[in-house]
Amino acid sequence: MGNIAKTEIIEKLNSQEFCEGMTIFLRDMVRTMFMEVMLDEVPAVCGDRYKHNSQSEYRRAGSAPGQYFFGTEEVKIQRPRVRKKTAAKEAEAVLNSYRTAQNRDELNCAMMRALVAGVPSREQKRLYKDVRGSSKSTVSKLWAIEGKK
């Protein structure tokens, strides 16, 4: 960007370009923050890296594909894995930060608003591209659950 002031760049953008740029910026910031929170949680649970602790019931276990929800979008990530030792075997332990990021409330509310506005359940998949749980059967089940509340 050199010597060009940020305000000069912003002034040259139309409102759509500005909104798209800010959306991308916010997505990147949320992703960075979320990854930092998860990576900070791992040593809190497992202890410091490369320092084996035989007393700990948790251990690092590499990484695995995962996702979190940012509004109505499902964002793919590579998440850290943690295993918990039990008496008989080891099992996957879910980080609290990762569990929290699995919250679909905003997406579920958006799908219900779309249904109330007349968007059929079979069309929801087109509204929420690449989001697990937006199939017509899942939306219908969600409608039935919400209707009982």
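The values are calculated or read from the model by the stated rules, or taken from the named source; none is laboratory data. These numbers were taken from a predicted model, which means no experiment stands behind them. Please note: Cβ atoms are built from the backbone with ideal geometry, for glycine as well, and neighbour counts cover all protein chains shown.
Tabulated results
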read-out	value
Residues satisfying the stated conditions in region 27-59, i.e. among the acidic types (Asp, Glu) and out of contact with any helix residue (DSSP H, G or I) (no Cβ under 8 Å at 6 or more places or on another chain)	Asp28, Glu36, Asp40, Asp48, Glu57
Matching entry among Tyr128, Tyr68 (being at pLDDT 90 or above, surrounded by 17 or more Cβ atoms within 10 Å (Cβ to Cβ) and touching a helix residue (DSSP H, G or I) at 6+ places or on another chain (Cβ under 8 Å))	Tyr68
Given (1) over 19 Å from Asn103 (Cβ atoms); (2) under 21 Å from the mean Cα position of the chain (by Cα), index of the condition Gly71 fails	(1)
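Residue by residue, here is whether (1) more than 26 Å from Leu142 (Cβ to Cβ); (2) surrounded by 16 or more Cβ atoms within 10 Å (Cβ to Cβ); (3) modelled with pLDDT of 90 or more; (4) of a type outside the set (A, V, I, L, M, F, W, C) holds:
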{"position": "Met38", "(1), (2), (3), (4)": "yes, yes, yes, no"}
{"position": "Glu57", "(1), (2), (3), (4)": "yes, no, no, yes"}
{"position": "Ala64", "(1), (2), (3), (4)": "yes, no, yes, no"}
{"position": "Thr72", "(1), (2), (3), (4)": "no, yes, no, yes"}
{"position": "Arg81", "(1), (2), (3), (4)": "yes, yes, yes, yes"}
{"position": "Glu90", "(1), (2), (3), (4)": "yes, no, no, yes"}
{"position": "Ala101", "(1), (2), (3), (4)": "no, yes, yes, no"}
